[in-house]
Each structure stands twice: as structure tokens, then as C-alpha cells.
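The values are calculated or read from the model by the stated rules, or taken from the named source; none is laboratory data. These numbers come from a predicted model, not from an experiment. So basically every Cβ, Gly included, is an ideal-geometry build from the backbone, and we count neighbours across all protein chains shown. These area figures cover heavy atoms from the full protein model, side chains too; ligands, DNA and RNA do not enter into them. Shrake-Rupley method; radii C 1.70, N 1.55, O 1.52, S 1.80 Å.
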Amino acid sequence: MKKYYSSRNKSSTLTEEDLYQKVKSLYSLFLEKDYFKNLAKITKKGIPQDIILEADLKLSFQPFPIEKWENEKITETNLFDLIEYLYDYISKPIGWNTHFDPESDEIYEDYNSYDPEKAKREYCELVNMFLNDYGSGYELSDKGEILSLGSPVLEGLFKAEIIPFDKENVDKKIENAILKWRRRNQSLEDRKNIILELSEVFEWLKKTSKLELALENKDDSMLFNIINNFAIRHHNPNQKSNYDKSIWYSWMFHFYLATYHATIRLIIKQDQQQK
């Protein structure tokens, strides 16, 4: 979907109030097209009590009516929750025809079927048109989770292809680490554990003698010195612990991720040349 000038050039950043206005327009657009009729039973005629009660249970606030939020309700957390919540209940109507209900002996007109997956793709495209411009930049994933984009350089690192190598021991672990890192509100302990998970991929590559195809011993030792000397994996008096973890954890994560992308490609190249 085309991005317009201000979005392409990041010349404006949306505020929480701006984001609320966008979400209201988004909701109204899909409401007009009956995209919430199938799963949430929400139509232009009204909102059923069932979905109101369910929202009370699933969310920390009551989103309905979405068009009439008071100022104190307009927060980043509430808006992000609402975006994810609506994603779960969207479904595209397909066709229109006359139907017969044998139980009530009634003839009525309604949609033939619904396509949730197509609706979710359309929803994500429109959400990401403005979500990219909010704060430091976010996106709604195809699993319905709002994730941080990071800087344009880091965004490319996050979205670089995970080349199939070993599904369980490498590929999945890298994908899961990226997903966890991009989730909002990670604690420092969470980030430390994600870095440890990334380092375990290199441990596995070393144990299977694959790492030596890409790195010499003096180079791969640096990978493990990071987690051993900066209190990531072990705990002993010789480790460095008096450092700004919020900054250095970020550096460690992106260092390991960038190293993975380079290393795995070199390993695959060497494997192919040896065959």
C-alpha cells in the first residue's frame, strides 16, 4: 500500500491524540463495511452486550463506544490494546444472497461467508500506514501483535531473511528472539535472557563444528567473551556488572543478530562449496 510523502520521509510524528483519531477512523471504516459482524456481531445498528462484557474481561478498560473515549482513557497502552483486540474480531464479508432458516421458517438476506485472513491483511496494511508514524515507529504483525520497528537501519536487520538452516536449533530460536525483543515493555532481565538465547545458537553451531566454517577461533571467542564477561551467562567477581545495561544490552542483541546473519550465510556458502 502506498505511503505518502510525510510518512516516507518521517516528517511528522503522531501524538496519542492523533493515534486515537486514526484508530476511530479505522474502526468506522471497517464497521461501515460490516467487517465486525461475523465474529463480534457489531454492526452499524449497534454493539451487542456480549462483546461489551467480553471486552471488560479481556481488557483492562472498556473500549466501547470507541468513538466516545474520555481524555484519561486515551493512552498508548489502551490504544495498542484496542488495535490488537479489533484484529482478533475482523472478518471480510463475501457475497450477498437470500437465505432460508429451516428452524424459524424465515427467508432473509445476508452475506454468503466471511474471510478472516483477508480481512486481517487489509487491517494490518491500514494500521501500519499510521502506526509506523507513531512515536519511534511500530507495526502490527501478521499475528496481531504490535512490535517496535526501531531505527531504519535496525528495521532492516529485524526483517532480514532467516535463511533455512536448522529449524529447531537455529531458525526458530532466532525468530523467537527477534519477536521477543520487539515486544513492548521488556524488562532488563527479559532482555538479558533474550541475549542469552541468541548466544546459545552460536554455542550449538560451535558444538556441531559449523561455526569454524565461518569464524576462526580467535573471532568466535569474542562471541562468548561478551556473555561470559558481562554477567549475562555466569556470575562471578571478575565479571563487569557496573555498566549501563539499557544501552549495552541493546548493543549486544544487535551485535549477535548481525553476526548471526553474516555467519549463517558464510556457513551455508562453505557447505555448498565442500559438496
Practice task
Filter the stretch 38-77 for residues that are within 27 Å of E117 (Cβ to Cβ), touching a helix residue (DSSP H, G or I) at 6+ places or on another chain (Cβ under 9 Å) and charged (D, E, K, R) and give the result.
Solution key: K41, K44, K58
Exercise for the section: Among what's in the stretch 72-107 and is aromatic (F, W, Y) and at pLDDT 95 or above, pick the residue that is surrounded by the fewest Cβ atoms within 10 Å (Cβ to Cβ). Expected result: Y85
Fill in the blank from the handout: If we ask which residues in the stretch 146-179 are at pLDDT 85 or above, surrounded by fewer than 16 Cβ atoms within 10 Å (Cβ to Cβ) and under 29 Å from L82 (Cβ atoms), their number turns out to be 3
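Determine whether N193 is more than 26 Å from Q274 (Cα to Cα), polar (S, T, N, Q), at pLDDT 80 or above and outside any loop (DSSP other than H, G, I, E, B). Full working, then the answer.
Details: more than 26 Å from Q274 (Cα to Cα): yes; polar (S, T, N, Q): yes; at pLDDT 80 or above: yes; outside any loop (DSSP other than H, G, I, E, B): yes.
In short, yes.
Would you be able to say whether some residue in the stretch 239-253 is modelled with pLDDT of 85 or more, more than 17 Å from D171 (Cα to Cα) and under 22 Å from the mean Cα position of the chain (by Cα)?
Kept after step one, since they are modelled with pLDDT of 85 or more, are these residues of the stretch 239-253: 251-253.
With more than 17 Å from D171 (Cα to Cα) added as a condition, the list becomes 251-252.
Filter again for under 22 Å from the mean Cα position of the chain (by Cα), leaving 251-252.
Yes, there is a match, as at least one residue in the stretch 239-253 is modelled with pLDDT of 85 or more, more than 17 Å from D171 (Cα to Cα) and under 22 Å from the mean Cα position of the chain (by Cα).
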Practice task
Tell me which residues, restricted to the stretch 26-71, are open to solvent by less than 50 Å² (accessible area, probe 1.4 Å) and of a type in the set (A, V, I, L, M).
Solution key: L26, L31, A40, I42, I51, I52, A55, L59, I66
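Might you let me know whether the stretch 45-61 holds any residue that is out of contact with any Gly (no Cβ under 9 Å at 6 or more places or on another chain), polar (S, T, N, Q), over 16 Å from V23 (Cα atoms) and part of a helix (DSSP H, G or I)? Walk me through it before giving the result.
Narrowing the stretch 45-61 to residues out of contact with any Gly (no Cβ under 9 Å at 6 or more places or on another chain): 45-61.
Next, only the ones that are polar (S, T, N, Q) stay: 49, 60.
From the residues that got through so far, the ones that are over 16 Å from V23 (Cα atoms) too are 49, 60.
Narrowing further to those that are part of a helix (DSSP H, G or I): 49.
So far as the stretch 45-61 goes, yes, one or more of its residues are out of contact with any Gly (no Cβ under 9 Å at 6 or more places or on another chain), polar (S, T, N, Q), over 16 Å from V23 (Cα atoms) and part of a helix (DSSP H, G or I).
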Completion exercise
Of the residues in the stretch 211-232, those that are modelled with pLDDT of 80 or more and over 13 Å from T259 (Cβ atoms) number 2
Exercise for the section: Could you check L205 against (1) at pLDDT below 85; (2) surrounded by 15 or more Cβ atoms within 10 Å (Cβ to Cβ) and say which number it fails? Expected result: (1)
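Within the stretch 134-142, can one find any residue that is surrounded by fewer than 12 Cβ atoms within 10 Å (Cβ to Cβ) and either under 18 Å from R183 (Cα atoms) or out of contact with any strand residue (DSSP E or B) (no Cβ under 8 Å at 6 or more places or on another chain) (or both)?
yes
Considering only residues that are free of Cβ contacts under 8 Å to residues at least 24 places away in the same chain and under 22 Å from the mean Cα position of the chain (by Cα), which ones fall in the stretch 92-127? Spell out how you get there, then give the answer.
Initially, the stretch 92-127 is screened for residues free of Cβ contacts under 8 Å to residues at least 24 places away in the same chain, giving 94-110, 112-113, 117, 121.
E117, R121 - these are the residues of the stretch 92-127 that are free of Cβ contacts under 8 Å to residues at least 24 places away in the same chain and under 22 Å from the mean Cα position of the chain (by Cα).
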